[in-house]
Each structure stands twice: as structure tokens, then as C-alpha cells.
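Q: Input: one structure, supplied below.
FYI, it's all coordinate maths here, none of it is from the lab. Since this is a predicted model, take the numbers as computed values, not measurements. Backbone-built Cβ (ideal geometry, glycine too); neighbour counts: all protein chains shown.
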Ligand SMILES: [Zn+2]
Ligand SMILES: [Zn+2]
Ligand SMILES: [Zn+2]
């Protein structure tokens, strides 16, 4: 709900603005979308919002921890509003589709390094790669 987003913004001392609410709404409804898609979604409701405004909102919300920026190797950056847990992603090698995968452990780092070389390890970046159901189906029927 919009009022939840307002509370989230206030909790991190960000002013409540229409573009910020629009971006949060877009990401709630469409997780793992890239910047161009966010712009298109925001413009459905707010046609006058500029590209730059959306870029600025994405950066501010990411810095504030309200959204998460993910960028699997070789893909464009995507954004999601599911933050605060340590979930992972599975990425389709063929079409780039992304889905959430619950972390088996639930907190970072969820993998224990065989040798941490004395580093205080606090995160393991886990990305699962494969072929999504749509691409698998397309491949077998062709
Ligand atoms: Zn695919
Ligand atoms: Zn996710
Ligand atoms: Zn994990």
C-alpha cells in the first residue's frame, strides 16, 4: 500500500515524493526489472517523470536500503523491493529471466569458505544459472 511506502520513506528520512512512491509501487508489482522497465512502469501513472528523476530515485532508494540492486554477470542492473533477507537469484542464461530462491541458511554468509585466509567474511554472492521453464519448453518443441 502507498501508506506503507510513505512510512518506509520516512523511516529512512527520505521525503515522500510521487516518483519515489511510483518506483516503490512498480518494484513491488514487478520485481527484478531493469531501469528502462522501471521508467516505463512509472510513466504509466506519471507520464512527465524524466529518466533522470527515475535514475535519482533508484539511487536514493538503493542507498537508503529500501530497494536492492542486483546485477548478475553479463546482465543489466535490476532492482527489487524485497530487501532485508538473504535470498538468492536464479538467472536464465537464455532470456535473462530472474526468480527468487530462498537462502537455505537465511542469513549471510550462507556458505563457509574452505579457507578464509584470515578475512572476516560477511557475504557470499550466490547466483544460480540455468534455463527457465519457458526457454526449456521452447527448446524441446522446436
Ligand atoms: Zn529463459
Ligand atoms: Zn529477488
Ligand atoms: Zn544462501
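Q: Can you sort 13, 136 so the residue with the fewest Cβ neighbours within 10 Å comes first?
A: Neighbour counts put them in this order, fewest first: 13, 136.
Q: Okay, moving on. Work out, step by step, the length gained on full extension between residue 64 and residue 12: first 0.36 nm times the residue separation, then minus their alpha carbon distance; give nm to one decimal.
A: Extra length available between residue 64 and residue 12 comes to 18.1 nm.
Q: Another question about this same structure. Would you mind calculating the gained length between residue 46 and residue 100 on full extension (0.36 nm times residue separation, minus the Cα-Cα distance), in nm to one decimal?
A: Contour length minus Cα-Cα distance gives 16.6 nm.
Q: Working out 0.36 nm times the residue gap between residue 73 and residue 129, then minus their Cα-Cα distance, what length gain in nm do you get to one decimal?
A: In short, 19.1 nm is gained.
Q: Whole Å is fine, so just give me how far the alpha carbon centre of the stretch 77-113 lies from that of the stretch 46-64.
A: What the calculation gives is 23 Å, centre to centre.
Q: Nearest 0.05, what FRET efficiency do residue 83 and residue 115 give at R0 = 22 Å with Cβ-Cβ as r?
A: Working from the Cβ atoms, E equals 0.10.
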